Amino acid sequence: MAVRNKAREMRLIAALFVLNCLLKTTTTSPATSAYSRGDALAWRPATSLLHQLRHLGVRALIRDDAEATALASADFGNVSDAQPPPAAVLYPSLPEDIAKLLRASCTHPSPFPVSARGCGHSTRGQASAPRGVVVDMMSLGCHAGGSSIRLSVSVDGRYVDAGGEQLWVDVLRAALAHGLTPWSWTDYLHLTVGGTLSNAGISGQAFRHGPQISSVQELDVISGLGEMVTCSKDKHADLFDAVLGGLGQFGVITRARIPLMPAPARARWVRLFYTSAAALTADQEGLIGINLGTAVSGLMDYVEGSVVLADQGRAGSWRSSFFSDADAARIAALAEEAGGILYCLEGALYYGGAAAARGGESDVDQRLDVLLRELRYARGFAFVQDVSYAGFLDRVRDGELKLRAAGLWDVPHPWLNLFLPRSRVLDFAVGVFHGILRRDSTTGAMGPVLVYPMNRNRWDPDTSAVFPDEEEVFYTVGILRSSVPAWTDDGRQLLRRLEEQNEEILRFCEEMGIPCVQYLPYYGDQEGWEKKHFGPAKWARFVERKRKYDPKAILSRGQRIFTSPLA
């Protein structure tokens, strides 16, 4: 059996070699490459080479038609990029299909790029595979009936095993069915497990539990060598650490074991408005426990914040449904009085359900009373809603559906996410919030500008994630703006202005000596990654791990970190 499997694999490698050559010289029309998912292994009509894959033990489909490659080239950013499109798209049924593809590339005289793509929520083509093969990870989660089969909860063990292609919202639902929940989240739950773990996964709970990569017990990973490895802190720890926050450079995550804790039932959702960045950040730092003796330390379970520009026209852009029209008008008037800019503290207090330690409704009332008495927000500008825990965590979905209905979701998103040391956040606020953004508010742009602190000791320095390590607290600033459709002249001009503004912000930090690193990073070449993102020591470790787990630089070339095999 082993000999037969080896022979089958060698035939697959040979076929993929021919495929790679043909894809460089031929173009297949959508009509000749279309397939039906109802007949998972049949092509209609079958092309000569791709039809052979069915007879070579390949359980997955490979498409090279324009429709498939165009879809695999698109991402949430919708920002034009000069990278070539992929030559083909793999639709795996099992992780072994991905391993075979990677082994085929690894043994190829000219290894072709391979990238894993979940929901395509990258912003600069990071999940692309120029002239290579994009792996459609979502195919792993479906059988013939289209339902998820790679998600299971262990109540006794208090963990969930989730395929790398599974959405966090489905992980949440599966865990809540047993009164349990993961520890840490992103603000948007319709992302894949493998996707967020390849970055970090942050939100307003990261101050307490760390990013999502700090709450992983075990991974199944396929390395760039095509090896299928189960790893953890106790087994193949170096690969485990490399993959977490590794930007897809070392392996494809096909399963993650996520620890669970008792779930609350409700969330007391709070928004408080401030007229100064100093007052906001001081309260945020008190809430996340920098000064443990303060009355508010630890009272909130979720702590974020945002910047509100008076001429945005809405209080918090897509989050404006939190406020009535009358409240929105009062907030806009306060912003004008404050010089055109306000700050909003957004927080949540969890209670009820299986999380009995946090108490019930009377306890959350007492906690809220202390917060409203002690915090330094503008009096009269406190807004509170009571929602379900699941509803709070999935709150961005409502905004997404509204934007989709208005045709404003699939538009350019030239986002800029930065990590800043605590000591320089007020300098950044003066120069960027009150300077660059206030001076040119780019009429037509939408989206929140987030600012909130995190505790460095909740981040594992052994992972590949890069974060400021100079101080115990650092801030994330997410300038998450959207343009109007870029196919119009106005849209192209607005997108250009937003991108120029992002460059101006980065230049400001450099000129003012404000150390910062990008989250969801993008750099045009390897020198930028080495000098601006990693720094000498972290870069050396990153290269060492790349040489060990993907020496031919097959994985995630769309990140532009490594574009050719390592010597």
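The values are calculated or read from the model by the stated rules, or taken from the named source; none is laboratory data. Predicted model only: the values in this text are computed from it and were never measured. Don't worry about glycine lacking a Cβ; one is built from the backbone with ideal geometry, like all the others, and counts go over all protein chains shown. Side chains included, ligands, DNA and RNA excluded: accessible areas come from the protein's heavy atoms. Shrake-Rupley method; radii C 1.70, N 1.55, O 1.52, S 1.80 Å.
Annotation: residue 369 fulfils all but one of (1) open to solvent by 60 Å² or more (accessible area, probe 1.4 Å); (2) farther than 28 Å from residue 265 by Cα; the unmet one is (2). Might you let me know whether the stretch 489-503 holds any residue that is open to solvent by 20 Å² or more (accessible area, probe 1.4 Å) and closer than 26 Å to residue 133 by Cα? For the stretch 489-503, residues open to solvent by 20 Å² or more (accessible area, probe 1.4 Å) and closer than 26 Å to residue 133 by Cα: absent. Determine, yes or no, whether residue 447 is under 19 Å from residue 204 (Cα atoms), in contact (Cβ under 8 Å) with a residue 12 or more places away in the chain and either small (Gly, Ala, Ser) or open to solvent by 10 Å² or more (accessible area, probe 1.4 Å) (or both). Answer is yes for this residue. Scanning the stretch 292-342 for residues that are small (Gly, Ala, Ser) and at pLDDT below 80 yields 293, 310, 313, 315, 316, 317, 320, 321. Selection over the stretch 337-393 of residues that are free of Cβ contacts under 8 Å to residues at least 24 places away in the same chain and of a type in the set (S, T, N, Q) gives a count of 2. Taken over the stretch 526-567, the criterion of being surrounded by fewer than 16 Cβ atoms within 10 Å (Cβ to Cβ) and not in a helix (DSSP H, G or I) is satisfied by 535, 563, 564, 565, 566, 567.
Across the stretch 250-298, what is the number of residues that are open to solvent by 30 Å² or more (accessible area, probe 1.4 Å) and under 29 Å from residue 157 (Cα atoms)? So the answer is 6. Where strands (runs of 3 or more DSSP E) fall entirely within the stretch 339-428, those with at least 2 residues that are farther than 24 Å from residue 178 by Cα and touching a Gly at 6+ places or on another chain (Cβ under 7 Å) are at 341-351. Residue check: residue 275 meets all listed conditions (1) at pLDDT 95 or above; (2) under 25 Å from the mean Cα position of the chain (by Cα); (3) over 30 Å from residue 232 (Cβ atoms); (4) β-branched (Val, Ile, Thr) but one, namely (2). Restricting 162, 174 to those that are in contact with a Leu (Cβ under 8 Å, 6 or more places away or on another chain) and farther than 29 Å from residue 558 by Cβ reduces the list to 174.
Taking the stretch 76-180 and the strands (runs of 3 or more DSSP E) fully enclosed by it, the elements with 3 or more residues that are open to solvent by 10 Å² or more (accessible area, probe 1.4 Å) and modelled with pLDDT of 95 or more are at 151-154. Would you confirm whether any residue within the stretch 514-522 is in a helix (DSSP H, G or I) and under 23 Å from residue 200 (Cβ atoms)? Checked against the condition, which is being in a helix (DSSP H, G or I) and under 23 Å from residue 200 (Cβ atoms), the stretch 514-522 yields no hits at all. Looking at the stretch 429-457, which of its residues are of a type outside the set (Gly, Ala, Ser) and either under 19 Å from residue 396 (Cβ atoms) or in a strand (DSSP E or B) (or both)? Of everything in the stretch 429-457, those that are of a type outside the set (Gly, Ala, Ser) and either under 19 Å from residue 396 (Cβ atoms) or in a strand (DSSP E or B) (or both) turn out to be 446, 448, 449, 450, 451, 452, 453, 454, 455. Are any residues in the stretch 385-413 modelled with pLDDT under 90 and in contact with a Ser or Thr (Cβ under 6 Å, 6 or more places away or on another chain), and if so, which ones? Listed by number, the list is empty, since nothing qualifies. Can you find a residue in the stretch 138-149 that is in contact with a helix residue (DSSP H, G or I) (Cβ under 8 Å, 6 or more places away or on another chain), of a type outside the set (Ser, Thr, Tyr) and free of Cβ contacts under 8 Å to residues at least 40 places away in the same chain? Checking the stretch 138-149: at least one residue is in contact with a helix residue (DSSP H, G or I) (Cβ under 8 Å, 6 or more places away or on another chain), of a type outside the set (Ser, Thr, Tyr) and free of Cβ contacts under 8 Å to residues at least 40 places away in the same chain.
Mind checking which residues of the stretch 254-280 are part of a helix (DSSP H, G or I) and closer than 24 Å to residue 385 by Cβ? Scanning the stretch 254-280 gives 279, 280. The single residue among 403, 420, 437 that is farther than 30 Å from residue 265 by Cβ and out of contact with any Leu (no Cβ under 7 Å at 6 or more places or on another chain) turns out to be 420.
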